[in-house]
Amino acid sequence: MEIFLHHIYEYKKGLRRMVLHTAPLVQRNLIEKKLKSQDISYLIIPVNSTKINVFFGDPHCVNIIRTFGDVNLSQLSDEQDFILGTLLGYDLVLQCKRYLKRKRYCEGLKIRKTANIAQSFYPGEYKYAS
């Protein structure tokens, strides 16, 4: 529960817009009670017979997760995986790379390293060859 309470603290301080917390099923009632008392939007999805995933935070973010249904996180579509990572605050560029890798778009595409760092917004940025 200590990590869960810290996640609430981070959400309340604006460090996170949405949180994914995996917890033992036996803590479900305590978690729900705490989130309700703090007036925090949440969604609980079973992982297996002993664990739950608790999504909580901004109601708009949580509602997007609701549109995914009760699907296991490993079964999310490539687009859902990208959306989830972005909502959880993962690095946007890394999420883009992950998405492209999952879609296998990088295979066969010619990619060249930017020669002049001054031309690139990020040092070492890769651009698609034309």
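Bear in mind these aren't lab numbers, they're just calculated from the coordinates by the rules spelled out. Predicted model only: the values in this text are computed from it and were never measured. Glycine also receives a Cβ, built like all others from the backbone with ideal geometry; neighbour counts cover every protein chain displayed.
Brief remarks on what is shown
- Global form of the range 2-90, assessed from the alpha-carbon gyration tensor, a/c cut-off 1.5: oblate
- Within-10-Å neighbourhood charge of Tyr99 [Cβ basis; K, R +1; D, E -1]: +2
- Residues in the range 56-70 carry Karplus couplings, in order, of 8, x, 4, x, 5, 5, 5, 5, 5, 5, 4, 5, 6, x, 8 Hz; the curve used is 6.51 cos²θ - 1.76 cosθ + 1.60 with θ = phi - 60°, and Gly or Pro positions show x.
- In this Cβ point-charge picture (+1 for Lys and Arg, -1 for Asp and Glu), the range 2-90 has a dipole of about 400 debye about its Cα centre.
- Simple spin-label estimate for Val93 and Leu5 gives 3.8 nm between the two label positions (7 Å along the Cα-to-Cβ direction from each Cα).
- Computed over the Cα atoms of the range 44-101, the ratio of the radius of gyration to the Kirkwood radius (Rg/Rh) comes to 0.98.
- Shape category assigned to the range 1-49 from the gyration tensor of Cα positions, a/c cut at 1.5: prolate
- Taking a straight Cα-Cα cut-off under 18 Å and skipping sequence neighbours fewer than 8 places away in the same chain, the aspartates and glutamates within cross-link reach of Lys13 are Glu2, Asp39, Asp58.
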